[in-house]
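I have placed the structure first, in the form of structure tokens, so that the comments after it can refer back to it.
The values are calculated or read from the model by the stated rules, or taken from the named source; none is laboratory data. Computed from a predicted model, the values in this text were never measured in an experiment. All Cβ positions, glycine included, derive from the backbone under ideal geometry; neighbour counts span all protein chains shown. In case anyone asks, the SASA skips ligands and DNA or RNA and just uses the protein heavy atoms, side chains included. Shrake-Rupley method; radii C 1.70, N 1.55, O 1.52, S 1.80 Å.
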Amino acid sequence: MPDQLLYAIEVTLNGLMAGVLYSLVALGFVLIFKASGIFNYAQGVMALFSAMTLVGIMDGQVPFSHLINAIFGTDIHHFGWHVPAIVAILLTAVVMTAFAWAVNQVIFKHLVNQEPIILFMATIGLAYFLEGFGDLMWGSDIKSLDVGLPQGGSFWIEENTAWLGGEGFYGFFIDQLDMVATVVAVILVAVLVAFSQYTKQGRALRAVADDHQAALSVGISLSYIWVLVWSIAGFVALVAGIMWGTKSGVQFSLSLIALKALPVLMLGGFTSIPGAIVGGLIVGVGEKLFEFLVGPMIGGATENWFAYVLALIFLVFRPQGLFGERIIERV
Amino acid sequence: MTETSEGYTTADGRQIGGVLMEMKNITLRFGGVTAIKDISFDIREGEIRAIIGPNGAGKSSMLNVISGFYHPQEGEVWFHGSKRPAMKPYQVAQQGIARTFQNIALFEGMSVLNNVMTGRLTHMTTNMAQQAMWWGKAEREEVENREIVEKIIDFLEIQHIRKTPVSRLPYGLKKRVELARALAAEPKLLLLDEPMAGMNVEEKEDMSRFILDVNDEFGTTIALIEHDMGVVMDLSDRVVVMDYGKKIGDGTPDEVRNNQDVIDAYLGVAHD
Ligand SMILES: Nc1ncnc2c1ncn2[C@@H]1O[C@H](COP(=O)(O)OP(=O)(O)OP(=O)(O)O)[C@@H](O)[C@H]1O
Ligand SMILES: [Mg+2]
């Protein structure tokens, strides 16, 4: 095989794995949007906040220590213990569930039947609040996250694929973390699909996503379902936060991965779970391949804008997205 | 007809029981509009109770009060002999009151079978942890509920469309699926808002037959809103007549038919 083709394959593989993470973030958006009609601007900050909480718990950080020290003149920062990653992940999931409950209790319960734009504005407010709250709780310094996931290229894959090419080809470079992220994302999606198809709560969730009035009439509590989807979205954010945080540290820029989910949603449609997954993969592969093939000719740095332009072109021809339901105004 | 607190016997010899639901001095306002003005009436165990009246009379509003979608500013709702606190619609549903809507509210993205299955949600008791840990129990519950649902689907003669997405069904069949979903809850009280609106004669006859059969076979108490007077006269045991938010008549179909206020309302005599 010519080396150029092999590199293209490697780029595609890496793109697929980057795309899986985009899918994951987009999935969080779709879940909340389907069930409640809320476009949750705070999804990215939720990923950041969950990653900060995870690091904080693992390191035995005292939450709100700056605040406590400022008020009481103390100087405490750490409990002096370390919590195993798996326990810390579970605790963080509990925190995200409490967050979901609080968000509904304090905000969205009072905004039932409001215009979508009002709900959207509320999530912008929520995003900035949560960002500040996270800093207050865990401090704003850049933290490194290590839950024990393997990192760096896989030598095994490199060694065993080197023979495919010629002298200049050293084998596929595949990041182990990307592989883990892919496996975890696939499992997570499978569990979510099984949940929504085969459990009572899943059926109720689909009912709420379809018609609020009808859902109420069969005895489903809307606020229960909303807390449930926000919790699931919080958990999805946590998984994305772990992967991203492990790779590039837990810092503000982590919340910007939400922006990568936007073109994915434009491509996949705001209400389609398969759309979020396929959309994420298309964006991931598309931007890596485009940079590889076309980037050198036009000066590179195409990854910053490629996804948006692709989504824009797509929007013009298919506004409802790949799998989105056709939008027909009810009269 | 002799009416006592214990109940009464209908013209066709059915035994009607005591009061199941009682509305006491209900008043419901929307801003300046008073949709219901100080209305009281009761629904008895086992009866078919009709609510009739011209457009905008407040019939749907009354059904929405019973099912918890609207909350009256004044008045009390009594169910099973005790006063009901202000309840959310889902809590009312969990108490055994099922309903259909004037404008059909189905889960358009789901199949007929899945729509009807949602009617069983109030009867499914395993929680999320149990479903995750103890798959067998959840599965058994699903199978049991599925059997009940299949019976209802047979009963309403919609087997041939079991797997069809609801969005592809014609209007008349949608109404029937909505009835099936409400029935799946095995309600004590079934509320039907214009179950035959927009149907042709044949479909109306089918629907009438189903309503009578439901009442007869399951003993379900039914309150229904209907515009077709012929249908109302055939189906119902007692009728409440509303006009401009007020109750202007209450009694057997014959009594109501001969009530001057009712005749005036329907003939469009000018209101003063
Ligand atoms: N949600 C609402 N908000 C404001 N006004 C309402 C609402 N629901 C009903 N109304 C008003 O209450 C009055 C009664 O309406 P309702 O729908 O109960 O009448 P109806 O007897 O069911 O009429 P129809 O036969 O046309 O269905 C109407 O004036 C209507 O505009
Ligand atoms: Mg009505």
If a/c stays under 1.5 just call it rounded; otherwise compare a/b with b/c (prolate if a/b is bigger, oblate if not). Do that for the stretch B:1-83, with a ≥ b ≥ c from the square roots of the Cα gyration tensor eigenvalues.
-> prolate
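Give the value in nm², to one decimal: projected area of the alpha carbon convex hull of the stretch B:100-187, averaged over all directions.
Details: hull surface 23.4 nm².
That works out to 5.9 nm², a quarter of the Cα hull's surface.
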For A:Gly153, residues with placed amide H under 5 Å, excluding near neighbours | A:Gln176
Please turn the phi angles of the stretch B:244-259 into ³J(HN,Hα) values with the Karplus equation 6.51 cos²θ - 1.76 cosθ + 1.60 (θ = phi - 60°), one per residue in order, whole Hz, x for glycine and proline.
-> 6, x, 9, 8, 10, x, 7, x, 5, x, 5, 4, 5, 5, 9, 7
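Leaving out ligands, DNA and RNA, and with a 1.4 Å probe, what % of the accessible surface on chain A is carbon or sulfur? Let's see the in-between values first.
Working: 10880 of 15570 Å².
Carbon-and-sulfur percentage of accessible area, whole number: 70.
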Where in chain A lies the longest segment free of GluC sites (Glu not before Pro) that are both loop residues by DSSP (not H, G, I, E, B) and have at most 16 other Cβ atoms within 10 Å?
-> A:1-166
Going residue by residue through the stretch A:245-260, the Karplus relation 6.51 cos²θ - 1.76 cosθ + 1.60 with θ = phi - 60° gives ³J(HN,Hα) values, rounded to whole Hz and with x marking Gly or Pro, of x, 5, 6, 10, x, 8, 8, 3, 4, 4, 5, 6, 4, 4, 5, 5
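For the protein assembly as shown, what is Rg from Cα atoms divided by 2.2 N^0.38 Å, rounded to two decimals? Write out the running numbers ahead of the final one.
Numbers: Rg = 29.9 Å, N = 603, 2.2 N^0.38 = 25.1 Å.
Normalised Rg, Cα atoms only: 1.19.
Under the rule of -39500 (n - 2.57) per DSSP H run of 4 or more residues, summed and divided by the residues of chain B, what mean residue ellipticity at 222 nm is obtained, to the nearest 500 deg cm²/dmol? Can you show the working numbers first?
Details: 10 runs with 100 residues, N = 272.
Mean residue ellipticity at 222 nm (helix-derived): -11000 deg cm²/dmol.
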The answer for B:Ile248, listing residues at least 5 apart or on another chain whose modeled amide H is closer than 5 Å to its amide H, is B:Val241, B:Met242, B:Asp243
Summarise the partner chain shielding of B:88-101 as one whole number: the mean count of Cβ atoms from other chains within 10 Å of each residue's Cβ.
-> 4
Specify whether the C-alpha gyration tensor of chain B places it in the rounded, prolate or oblate class, a ≥ b ≥ c being the square roots of the eigenvalues: rounded for a/c under 1.5, otherwise prolate if a/b is larger than b/c and oblate if not.
-> prolate
What shape does the stretch A:3-317 take by its C-alpha gyration tensor, where a ≥ b ≥ c are the square roots of the eigenvalues and a/c under 1.5 counts as rounded, a/b above b/c as prolate, and the rest as oblate?
-> oblate
Just the accessible area per residue of the stretch A:3-317, please: how many Å² with a 1.4 Å probe?
-> 44
Put +1 on the Cβ of each Lys and Arg and -1 on the Cβ of each Asp and Glu in the protein assembly as shown; which of A:Leu145, A:Pro2, B:Ile263 then has its Cα farthest toward the positive end of the dipole?
-> A:Leu145
With respect to the cross-link table entries B:Lys137/B:Lys174; B:Lys59/B:Lys163; A:Lys260/A:Lys288; A:Lys200/B:Lys88; B:Lys174/B:Lys247, which display a Cα-Cα separation exceeding 22 Å?
-> B:Lys137/B:Lys174; B:Lys59/B:Lys163; B:Lys174/B:Lys247
Measure nothing fancy, just the Cα-based angle from helix B:201-218's long axis to the longest principal axis of chain B, in degrees from 0 to 90, nearest 10.
-> 80
Tell me, which longest segment in chain A has none of the trypsin sites (Lys or Arg not before Pro) that fall in DSSP loops with at most 10 further Cβ atoms within 10 Å?
-> A:1-325
Using θ = phi - 60° and the Karplus curve 6.51 cos²θ - 1.76 cosθ + 1.60, what whole-Hz ³J(HN,Hα) does each residue of the stretch B:73-81 get, with Gly and Pro shown as x?
-> 6, 10, x, 10, 10, 10, 10, 6, x
Round to a whole number: what % of the accessible area of chain B belongs to carbon and sulfur, probe 1.4 Å?
-> 49
Relative to the Cα centre, what is the charge dipole magnitude of the stretch B:110-181, using +1 at the beta carbon of each Lys and Arg, -1 at the beta carbon of each Asp and Glu, and rounding to the nearest 20 debye?
-> 320
Which angle between 0 and 90 degrees, to the nearest 10, do you get for helix B:135-155 versus the longest principal axis of chain B when only C-alpha atoms count?
-> 50
Could you tell me which of A:Ile68, B:Val143, A:Leu136 has its Cα farthest along the dipole of the protein assembly as shown towards the positive end, charges placed at Cβ (Lys, Arg +1; Asp, Glu -1), taken about the Cα centre?
-> A:Ile68
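How big is the A-B contact in terms of buried accessible area, both chains counted, 1.4 Å probe, rounded to the nearest 100 Å²?
On the way: alone 16680 and 13440 Å², together 27960 Å².
Protein heavy atoms only, the A-B interface buries about 2200 Å².
Under 25 °C and 0.890 mPa s, how fast does the stretch A:88-182 diffuse according to Stokes-Einstein, given a Kirkwood radius computed over C-alpha pairs? Answer in µm²/s, whole number. Walk me through the numbers on the way to the answer.
Details: Rh = 17.9 Å.
For the chosen part, D equals 137 µm²/s.
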